Amino acid sequence: CHALAPLSYGHSVTTANGANKESAWEHGDFSSAAWAHPEIEFIIPDGPEPGTWTGIVAMAEAIRDIFNALEGFRVEPTEFRELDDHSVLALVWFHASGKTSAAAVDQESAEVFHVRDCRVTRLVAYWNRSRALADLGLEDG
């Protein structure tokens, strides 16, 4: 299902016509929201700008605010864990640099995707991987 495309970043994705392509997320392209439910709940529970947003437009604005401070933002997956029939934990590294400081940002993070009817209905993006694991009652490794 196409909605699971964000979960496969860092890996080849097989499209409906059988073609393989690498996920856009691995290359810093976050322009498509076809994977998201129109009323997606986007949550950042920690980090510099925590908050909750509802809908694709609100999620895009929140992400744009983050990107305004960063350059070269990329996501590198390290592990996927199925939490239940509708939820997947993605352990990731975020890579970027500050626009004004040029300081490198390499952050071990996590994202939780909740999927219904081939669309992500809730995305929880943690800056701190340890917090994500603690919130989920899981251990690293």
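Take residues that are acidic (Asp, Glu) and more than 19 Å from residue 32 (Cα to Cα) and tell me which of the strands (runs of 3 or more DSSP E) falling wholly in segment 60-141 contain 1 or more.
Those strands (runs of 3 or more DSSP E) span 70-84, 104-116.
Mind checking which residues of segment 88-114 are in contact with a strand residue (DSSP E or B) (Cβ under 7 Å, 6 or more places away or on another chain) and open to solvent by 20 Å² or more (accessible area, probe 1.4 Å)?
If the condition is that a residue be in contact with a strand residue (DSSP E or B) (Cβ under 7 Å, 6 or more places away or on another chain) and open to solvent by 20 Å² or more (accessible area, probe 1.4 Å), then 88, 93, 95, 97, 99, 103, 104, 105, 106, 107, 108, 114 are the ones that fit.
Considering segment 26-61 alone, what residues qualify as being within 13 Å of the chain's Cα centre (by Cα), at pLDDT 80 or above and more than 15 Å from residue 113 (Cα to Cα)?
Of everything in segment 26-61, just one residue is within 13 Å of the chain's Cα centre (by Cα), at pLDDT 80 or above and more than 15 Å from residue 113 (Cα to Cα), namely 60.
Tell me which residues, restricted to segment 48-59, are open to solvent by less than 40 Å² (accessible area, probe 1.4 Å) and not in a strand (DSSP E or B).
Listed by number, the residues that qualify are 55, 58, 59.
Please list, ordered by first then second residue, the pairs with beta carbon atoms under 6 Å, 6 or more apart or interchain, first in segment 114-141 and within 21 Å of residue 85 (Cβ to Cβ), second among the acidic types (Asp, Glu).
122/41; 133/140
Can you find, within segment 118-141, the residue that is least open to solvent (accessible area, probe 1.4 Å) among those that are touching a helix residue (DSSP H, G or I) at 6+ places or on another chain (Cβ under 7 Å) and closer than 12 Å to residue 40 by Cα?
Checking each candidate, the answer is 120.
The values are calculated or read from the model by the stated rules, or taken from the named source; none is laboratory data. Please read these numbers as outputs of a predicted model, since none were measured by experiment. Glycine also receives a Cβ, built like all others from the backbone with ideal geometry; neighbour counts cover every protein chain displayed. We work out accessible area using only protein heavy atoms, side chains counted, and drop any ligands, DNA or RNA first. Shrake-Rupley method; radii C 1.70, N 1.55, O 1.52, S 1.80 Å.
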